[in-house]
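Undergrad: Dropping the structure in here first, questions after.
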Amino acid sequence: MDENDNSEMKKVTEKLSMLAHRTNAAIVILHHARKKKRSEYAISMSQHDSVGAGVLNRLVGCMIGIEKKAGDNGQDIFTVRSLQSWLQGFSTFSYTLEDETDEAGREWVRMKIDLTPAFDKNAKDHIKHIIMENYADGKSFTRQDIMNLTGLSHTSVSQVLKVMVGSGELSASGSTRNKTFCIPFNVEDDFLN
C-alpha cells in the first residue's frame, strides 16, 4: 500500500474509523514526520510536517506532534502538542525518560511528565510557544492577539514578529495597522513531493 496515494489511504482510514465505531475503541496510527531542513531546526513542529497522503491529515481525529530537544543538563526533553484536532485539544506538556536501578539491581525507565513545561524566559521563545499553542493549525493572528496572550509590550511583540517573518518562521500580510501573521504553508514540500 502506498502511503502517498490518497485513494488507497482513504480506504484504510475509512475501515479503521468503522472498526473504532463498532468496537468503541480508539485507534492510533503512528506516522513519521518529514525530516527538517537545517534552516528549519529552530522552527517548532506543525501539522505541515506530516508526510504521506493528505487524506491522513483530513480524516484523522487528531494529530499529535512529539519533538525531542536537549535540555539545559543535556537530558532529552520530549514536548507533546496537539497539531490538529476534530476534538477538544489539550495543553502542551513535556516528559523526560530516566534510567533507574534499585538496590536489587533491577532496571527500569521512569517517565517524568511535566504538565506545565517551563519555557525560556526570553520574549521570542515565549511568543513562539504562544503561537504554536494557539495558532499551529494555520489560523492567522494579529500583533494585538499575541500581546493579549503574552502580556508583553507592543514594542517587544513587534520586534519578535519582525524577526520571525524575516527568518521565514511566520508570513505576514496586510498593512501596519491591520497586519496579520500566520505559520507559513510550505507549498513545495506538500504539493511537489
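Undergrad: Can you pick out the pairs among 69/162; 112/162; 68/139 whose Cα atoms lie more than 32 Å from each other?
TA: With Cα atoms farther than 32 Å apart: 112/162.
Undergrad: Can you give me the orientation-averaged projected area of the convex hull built on the Cα atoms of region 63-118, in nm²?
TA: For region 63-118, averaging the hull's shadow over all directions gives 5.1 nm².
Undergrad: First measure r as the distance between the Cβ atoms of residue 104 and residue 16, then evaluate 1/(1 + (r/R0)^6) with R0 = 30 Å and state the FRET efficiency to the nearest 0.05.
TA: Plugging the Cβ-Cβ distance into 1/(1 + (r/R0)^6) gives 0.10.
Every number in this text was worked out from the coordinates using simple rules, so none of it is lab data. Values in this document were obtained by computation on a predicted structure and should not be read as measured data. Cβ coordinates were reconstructed from backbone atoms using ideal geometry, including for glycine residues, and neighbour counts include every protein chain displayed.
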